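The values are calculated or read from the model by the stated rules, or taken from the named source; none is laboratory data. All values derive from a computational prediction rather than experimental measurement. When we count neighbours, we look across all protein chains shown, and the Cβ atoms used for this are built from the backbone with ideal geometry, even at glycine. Side chains included, ligands, DNA and RNA excluded: accessible areas come from the protein's heavy atoms. Shrake-Rupley method; radii C 1.70, N 1.55, O 1.52, S 1.80 Å.
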Amino acid sequence: MKNLFFAAVLSAVAFVPAVRAQEGCLEAVGGLSAGHTYTSYLLIGTTADGYAKKAFDADHVAEIMTEIGNLCGSVTNLLGKLRAGKLTDSDAKYLTDIEAIYGLLKEQSLALAAFAKSGKTEDSDKYEKARTTVYPKIQALLGIDNKDAASPAASAAPSAAPSPAPSAEQ
């Protein structure tokens, strides 16, 4: 009986650090993914602004945005693997929210890539729709108050996709 009790105590002692380690990993993944969504959003917007000011050509924009779109898809797939573990309701909700944000960032980046290549208004509209849909979700996730003029997000939100350059005929 003492051996069984001793084994149970050892199992419990070994289990507690494992649970704490898992909680720490989930917190780290949460913090990293939240920061990554924000910086990805800023990179997409900065690239759009650079394209509008002719700092980047269409091929370069398409290359960067395709990479960002692929990265967002890969991260979403990796986050999906966390669902196999035991999650609290709040962890499961966070995963759902962050996966949705990554999906919108992927849409935004690929729409910018398409717009850079095509110059079509419908591609610009897709970019703008994803941009204006994802930013409030990132704000909510990070607790950013855009009404605060001192907030970096107040001035950092990227402008709309650039308009097609006028042709020589215009």
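Summed over region 122-136, the residues that are open to solvent by 40 Å² or more (accessible area, probe 1.4 Å), out of contact with any Leu (no Cβ under 7 Å at 6 or more places or on another chain) and either touching a residue at least 24 places away in the same chain (Cβ under 8 Å) or of a type outside the set (Ser, Thr, Tyr) (or both) give a count of 6.
What number of residues in region 61-89 are charged (D, E, K, R), under 27 Å from GLU27 (Cβ atoms) and assigned to a helix (DSSP H, G or I)?
Qualifying residue count for the region: 3.
Taking region 98-121 as the range and being within 15 Å of ASP59 (Cα to Cα) and crowded, with 19+ Cβ neighbours inside 10 Å as the test, the residues that pass are SER109, LEU110, ALA111, LEU112, ALA113, ALA114, PHE115, ALA116. Any residue in region 94-109 that's on the phi > 0 side of the Ramachandran plot: show its pairings with residues that are among the polar types (S, T, N, Q) at Cβ separation under 8 Å, as long as the two are six or more apart or on different chains. From region 94-109, no pairs qualify. Among the residues of region 52-60, not a single one is in a helix (DSSP H, G or I), under 15 Å from the mean Cα position of the chain (by Cα) and among the hydrophobic types (A, V, I, L, M, F, W, C).
Those residues that are open to solvent by 30 Å² or more (accessible area, probe 1.4 Å) and among the aromatic types (Phe, Trp, Tyr), I need them from region 37-93; list them, please. The answer is TYR38, TYR51, PHE56. Among the residues of this structure, ALA111 counts as one that is outside any loop (DSSP other than H, G, I, E, B), more than 16 Å from TYR38 (Cα to Cα), modelled with pLDDT of 90 or more and of a type outside the set (D, E, K, R).
In this structure, ALA92 does satisfy being more than 13 Å from the chain's Cα centre (by Cα), among the small types (Gly, Ala, Ser), modelled with pLDDT of 90 or more and under 21 Å from CYS25 (Cα atoms).
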